[in-house]
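The next block holds one structure in the form of structure tokens; read it before the comments.
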Amino acid sequence: MKPQQVVRQDSRERSTQTHKDAAGLIGSATVMTLDGEKQVQDIKPGDMVITRDSGTARVASVRSRRVMSRMVTIRERALGHNRPEQEVHLPAGQPILIRDWRAATLFGAKQALVPASRLVDGEFVSVSERAEITVFEIEFDSPHLIYADGLEVASFFGGASFSKAA
């Protein structure tokens with residue numbers, strides 16, 4: 001079962017936003033691979049990454065780029081029991097799979113793939129001002145949900161995030 005994609009319908013926000021929030025992972029993000037946990041900056045094409053949807057997938061490419069984006073901070077255990085195990089920082093546009101009461105209450109679904117910024121509550125999940133950051137994008141031959149920093153996040157496929165293909 002594919003997660004429901006959630007897109008904000010507020011056209012006022014789109015028209016006033018000069019830069020789209022980035023998606024990707026920051027260099028210190030830890031990704032689950034067949035060789036154990038690796039920082040995203042150490043992952044290379046050919047590495048096997050553990051995925052939620054297919055078990056494993058071979059990395060086709062890893063790109064890094066400098067972008068202007070807001071960052072979302074998710075406090076330890078903010079998304080459920082040991083999810084995440086420690087504080088996590090993500091670009092605000094990075095899609096995260098949620099499979100708890102938030103999906104049902106906020107989006108009317110058992111699970112939903114939403115940008116990290118949609119989870120901001122000001123207490124357990126917060127957002128910072130726009131800043132220049134380096135993001136890493138792990139690309140596969142098809143879209144996948146991967147485990148990064150204890151969260152289930154969307155990968156990239158042909159330059160688009162999983163959420164656009166789901």
Number of the exception - Met32 against (1) farther than 20 Å from Pro95 by Cβ; (2) in a strand (DSSP E or B); (3) of a type outside the set (Phe, Trp, Tyr) | (1)
Those residues of the stretch 79-129 which are open to solvent by 40 Å² or more (accessible area, probe 1.4 Å), over 22 Å from Asp21 (Cα atoms) and hydrophobic (A, V, I, L, M, F, W, C) amount to Trp101, Ala104
Could you please find all residues in the stretch 40-60 being in contact with a Phe, Trp or Tyr (Cβ under 9 Å, 6 or more places away or on another chain), closer than 14 Å to Phe136 by Cα and open to solvent by 30 Å² or more (accessible area, probe 1.4 Å)?
-> Gln41, Ala60
Within the stretch 111-132, work out how many residues are in a strand (DSSP E or B) and closer than 28 Å to Leu34 by Cα.
-> 4
Confirm whether Val67 is within 13 Å of Ala154 (Cβ to Cβ), in contact (Cβ under 8 Å) with a residue 12 or more places away in the chain and either open to solvent by 40 Å² or more (accessible area, probe 1.4 Å) or not in a loop (DSSP other than H, G, I, E, B) (or both).
-> no
Considering only residues that are part of a strand (DSSP E or B) and modelled with pLDDT under 95, look in the stretch 136-162 and name the one that is nearest to Val125 (Cα to Cα).
-> Ser161
Identify the residue in the stretch 42-99 that is at pLDDT 95 or above and hydroxyl-bearing (Ser, Thr, Tyr) and, among all such residues, is nearest to Leu25 (Cα to Cα).
-> Ser64
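The values are calculated or read from the model by the stated rules, or taken from the named source; none is laboratory data. Owing to the predicted nature of the structure, the values given are computational and were not obtained by experimental measurement. Note that we place each Cβ from the backbone using ideal geometry, even for glycine, and neighbour counts take in every protein chain shown. These area figures cover heavy atoms from the full protein model, side chains too; ligands, DNA and RNA do not enter into them. Shrake-Rupley method; radii C 1.70, N 1.55, O 1.52, S 1.80 Å.
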